[in-house]
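Working notes, structure below.
The values are calculated or read from the model by the stated rules, or taken from the named source; none is laboratory data. Bear in mind that the values here come from a model prediction, so they are computed numbers and not experimental data. We place every Cβ from the backbone using ideal geometry, glycine too, and count neighbours over all the protein chains shown.
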Amino acid sequence: MSSGMMPSGQASSGQASSGRMLSGMGVEDEVWALLDDALAVYRDSPRAVAWLRGHQARFGEPVRVAVAGAPRSGKSTVVSALIGEEFVPTGATTWYQDGPQAKAYVGQYEVPIARRDGKAFVDVPDAERVVVEWPSRSLRDLTLIDTPAGTPVEHVYGEADAVLYLTRHMHTTDLQYLQTAHDHPVARVAPVNTVLVLARADEIGGGRIDALSSAKQIARRYRREAAVAPLCQNVVSVAGLLAVAARTVRADEFTALAALASLARTELDEHLLSADRFVGDDFPVRLDPAVRRALVERFGIFGVRLTTTLIRQGFDTQVKLTGQLVQRSGLGELRDSIGIYFTERREVLKARAALLGLDVVLRAEPRPGSAGLAAALERILASAHEFRELRLLAALQGGRTRLPGELDAEASRLVGGLGTDPLVRLGMDYEPTEGELRHALLDTLGRWRDHSANPALDHGQRRAASVVVRSCEGMLTQLVG
């Protein structure tokens, strides 16, 4: 067992939140109580106690989201885009969490954060783990973990509650990595915590102007592939370099891009065929080569080509341009996926991570009393409705369960495939009155009760409908409560 405690610099709120957790009846409460039982069984094992208390402490934290992938897949770039600040990779496992002011720690010791050329540096060449506190709205609901290439899959998934797995194209090694992450009894029963990211989307199709559209189409195709769908909740494409630039573009950069856009497209295009041509001496605009070189480093040739095109199309202020870049880069869709699949499911992700942690203890230190803990763990996995929802969602997305007609899409939505808010589950795009909401719930519940007893559906389909019924009943209970 390696320590599952929070990184230094992050306070534990497990004790403070104990009463809050035990007041409800969800999977989070059941798992918390099970950890308490395990602490009693293993009270004479300091190692196991530290491990279990670490997992209890995680209940009070934001969702831990690790960013993993092959070398040069763009992990640090995506992390920077999500935070809204350009960070230089430290070479260590780096935890980014919200804080009142910028600070960095290695263990208990604070280390300096330097700024050079608009980038944030934390120079710690020998460190294995760095914790960076950074004031950012994006970090209020999650902690981002930038993992170096080569970090073992069990370490990534052991420390994180959820994972963004980055790749340029799906290869056998990527599938093997994700399959290994799910090759665990708890992970197989609760397949919930991975979003696949096709990074560096601007490089698809040789960096053509329609590269981002092509990347989105490829992502949609992967979502339907039988080998990929069971291993992740969603597949999105992101042009990381463009996304970072969108979040951090400066006024002087916009001025330079506007100057480039003032040229006719035919006059500029031949200089955008390569970085060498773009910084060459025969450039048609009086723009210093150092400025052009900086634009290429920040936006890439594709990004320069796209931004100048957008400015010509009328996105001719910095605010208009950055909004377009966020949308086109895929960053908006990525943030939506993190919200729908990770932060909105914080409780079930924390419970899942705790069950994985408890399983580690039970396997490492079997003893009298641990058999009862193992049975309780299996019971929670089998009976908790939150996990049943996630299993059904994975089965619907992967094509292992199919419902006739439009029922397939409706079932996916009702069990939280588009978000866990009741209005999203019900497909309501307006704010209903309490009476309208109750009527919609009762109507939906009645229809799905009929489906769950429909002899025309097979056993697997009726069982899927029963899960949807329980989700509707849960929403109704919340409304009445």
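Some observations on this one:
- Checking each residue in the stretch 102-126 for being in contact with a strand residue (DSSP E or B) (Cβ under 6 Å, 6 or more places away or on another chain) and modelled with pLDDT under 90 picks out only Val124.
- Scope the stretch 427-446; condition buried (at least 16 other Cβ atoms within 10 Å of the Cβ) and either touching a residue at least 24 places away in the same chain (Cβ under 8 Å) or among the polar types (S, T, N, Q) (or both); matching residues: Leu437, Leu441, Thr444, Leu445
- Filtering the stretch 231-254 to residues that are under 30 Å from Tyr177 (Cα atoms) and of a type outside the set (A, V, I, L, M) leaves Cys232, Gln233, Asn234, Ser237, Gly240.
- Count of residues meeting criterion [more than 14 Å from Leu407 (Cα to Cα) and touching a helix residue (DSSP H, G or I) at 6+ places or on another chain (Cβ under 8 Å)] in the stretch 430-466: 8
- In the set Arg335, Arg367, only one residue is surrounded by fewer than 22 Cβ atoms within 10 Å (Cβ to Cβ) and more than 27 Å from the chain's Cα centre (by Cα); that residue is Arg367.
- Some residue of the stretch 289-304 being in the same structural domain as Phe315 (by TED's automatic domain parsing), under 30 Å from Tyr177 (Cβ atoms) and aromatic (Phe, Trp, Tyr): yes
- Any chance Leu381 is under 29 Å from the mean Cα position of the chain (by Cα) and surrounded by 23 or more Cβ atoms within 10 Å (Cβ to Cβ): no
- Among the residues of the stretch 41-61, those identified as outside any helix (DSSP H, G or I) and buried (at least 19 other Cβ atoms within 10 Å of the Cβ) are Tyr42, Phe59, Gly60, Glu61.
- Single unsatisfied condition, Gly427 versus (1) assigned to a helix (DSSP H, G or I); (2) farther than 16 Å from Leu392 by Cα; (3) of a type outside the set (D, E, K, R): (1)
- Yes/no for Ala38 being over 30 Å from Ala243 (Cβ atoms), of a type in the set (Gly, Ala, Ser), in contact (Cβ under 8 Å) with a residue 60 or more places away in the chain and crowded, with 23+ Cβ neighbours inside 10 Å: yes
- Of the residues making up the stretch 259-279, those that are within 17 Å of Gly314 (Cβ to Cβ), of a type in the set (A, V, I, L, M, F, W, C) and outside any helix (DSSP H, G or I) are Leu263, Ala264.
- Residue within the stretch 447-467 that is closer than 25 Å to Gly339 by Cα, touching an Asp or Glu at 6+ places or on another chain (Cβ under 9 Å), buried (at least 16 other Cβ atoms within 10 Å of the Cβ) and not assigned by TED's automatic domain parsing to the domain that holds Arg43 present: yes
- Subset of the stretch 219-258 [of a type in the set (D, E, K, R) and either crowded, with 24+ Cβ neighbours inside 10 Å or not in a helix (DSSP H, G or I) (or both)]: Glu225, Arg250
- Any hit, the stretch 127-136, residues being modelled with pLDDT of 95 or more, among the charged types (D, E, K, R), within 30 Å of Glu253 (Cβ to Cβ) and in contact with a Gly (Cβ under 6 Å, 6 or more places away or on another chain): yes
- Beta carbons closer than 9 Å, at least 6 apart along the sequence or on distinct chains, pair a first residue in the stretch 276-289 that is within 19 Å of Asp252 (Cα to Cα) with a second that is of a type in the set (Val, Ile, Thr) and part of a loop (DSSP other than H, G, I, E, B) for Pro289/Val279.
- Number of positions in the stretch 88-101 that are at pLDDT 95 or above and hydrophobic (A, V, I, L, M, F, W, C): 1
- When the strands (runs of 3 or more DSSP E) confined to the stretch 102-155 are screened for residues that are touching a Lys or Arg at 6+ places or on another chain (Cβ under 8 Å), those reaching at least 1 such residues are found at 103-106, 109-111, 119-121, 129-134, 142-146.
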